[in-house]
Amino acid sequence: MPAQLMTGKKILLVGIANDKSIAYGCAKLLQQHGAQLAITYLNDKAEKYVRPLAEELGAEIILPLDVTVPEQMDAAFTKIQQQWGTLDGLVHSLAFCPLEDLHAPISACSRDGFLQAMDVSCYSFIDLAARAKGLMQNGGSMINFSYLGSALATGDYNIMGCAKAALEAATRYLARDLGADRIRVNCISPGTIPTRAAGGIKDFEAMLEYNQHRAVDQQLPTIEEVGGAALYFLSDLSRGVTGSIHYVDHGVNIIG
């Protein structure tokens, strides 16, 4: 039995889509270390995939959450406040862009596509953080997920690179903003992982092969490896770390 690093900690996870999701890899490890989980699903269609996973993990709260709908955000945090009263951690694992804008050269991205990408991929984290901070009465930790395409013009990441760059900047400013409340805010930047969301990226199989070749050990990251980083940032092991961008990509980010 591993050391129970998360015993007594209440964690909200937003963004599990199925058992290949990065957020699911995080949830599994957090649960193994004693965390109490609240898990959300996007809509009725997603519920049939997410609810069985949440129940398997023993989630105490399972509820719908579309982060673009303020009423659902209100309802989710009301439920958490009523049932738990406090919150120790937030996991944001959301990104979205209409496929036509994701696949288009960035000079051809529509205004609506840009705004949707920024809203779901970046602003939703700011909104969640603003709501969660009031429940983190004894301090806490918030994490999100980025990608190397935020810093480098890589592959066909296009407008999502802009959204992730904005998310990384938001991480730093939220870390400064919430530091006085003993709330840490960090970003994990995994390498290419074959998740449902990544499947929408053009030529993703070629990206997988390219990144595996560039990795210092010729390995691709797994959702379990990302879960290990999440465990570090959400536990007290990282109590002196905030505002960081942490890569889990087998060294791809250091290769010129």
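The values are calculated or read from the model by the stated rules, or taken from the named source; none is laboratory data. Quick caveat: nothing in here was measured; it's all calculated off a predicted structure. A quick note on method: Cβ atoms are made from the backbone with ideal geometry, for glycine too, and the neighbour counts reach across all protein chains shown.
When residues in the range 42-56 are screened for being assigned to a loop (DSSP other than H, G, I, E, B) and not hydrophobic (A, V, I, L, M, F, W, C), 1 of them pass.
Determine whether the range 37-60 contains at least one residue that is farther than 22 Å from Arg172 by Cα and in contact with a Lys or Arg (Cβ under 6 Å, 6 or more places away or on another chain). Among the residues of the range 37-60, not one is farther than 22 Å from Arg172 by Cα and in contact with a Lys or Arg (Cβ under 6 Å, 6 or more places away or on another chain), which makes the answer no. Residues in the range 120-150 that are more than 28 Å from Asn211 (Cα to Cα) and either in contact with a His (Cβ under 8 Å, 6 or more places away or on another chain) or part of a helix (DSSP H, G or I) (or both): Tyr123, Ser124, Ile126, Asp127, Leu128, Ala129, Ala130, Arg131, Ala132, Lys133, Gly134, Leu135.
Exactly one residue out of Ile22, Ile16 is closer than 16 Å to Leu128 by Cα, among the β-branched types (Val, Ile, Thr), at pLDDT 95 or above and surrounded by 15 or more Cβ atoms within 10 Å (Cβ to Cβ): that is Ile16. Among the conditions (1) assigned to a helix (DSSP H, G or I); (2) farther than 30 Å from Thr86 by Cα, the only one that Ile193 does not satisfy is (1). For the range 189-208, the count of residues that are modelled with pLDDT of 95 or more, under 30 Å from Ala46 (Cβ atoms) and not basic (Lys, Arg) is nonzero. Before we move on, is Leu115 without any contact (Cβ under 8 Å) to a residue 12 or more places away in the chain, assigned to a helix (DSSP H, G or I) and not polar (S, T, N, Q)? Taking the combined requirement at face value, the residue satisfies it. Every condition in (1) of a type outside the set (A, V, I, L, M); (2) in contact (Cβ under 8 Å) with a residue 24 or more places away in the chain; (3) loosely packed, with under 11 Cβ neighbours inside 10 Å is met by Thr86 except one, and the failing one is (3). Selection of the range 167-190 for residues being under 30 Å from Leu208 (Cα atoms), in contact with a helix residue (DSSP H, G or I) (Cβ under 6 Å, 6 or more places away or on another chain) and either part of a helix (DSSP H, G or I) or not polar (S, T, N, Q) (or both) yields Leu167, Glu168, Ala170, Val185, Cys187, Ile188, Pro190.
Please determine whether any residue of the range 79-90 is assigned to a strand (DSSP E or B) and modelled with pLDDT of 95 or more. Scanning the range 79-90 turns up at least one residue that is assigned to a strand (DSSP E or B) and modelled with pLDDT of 95 or more.
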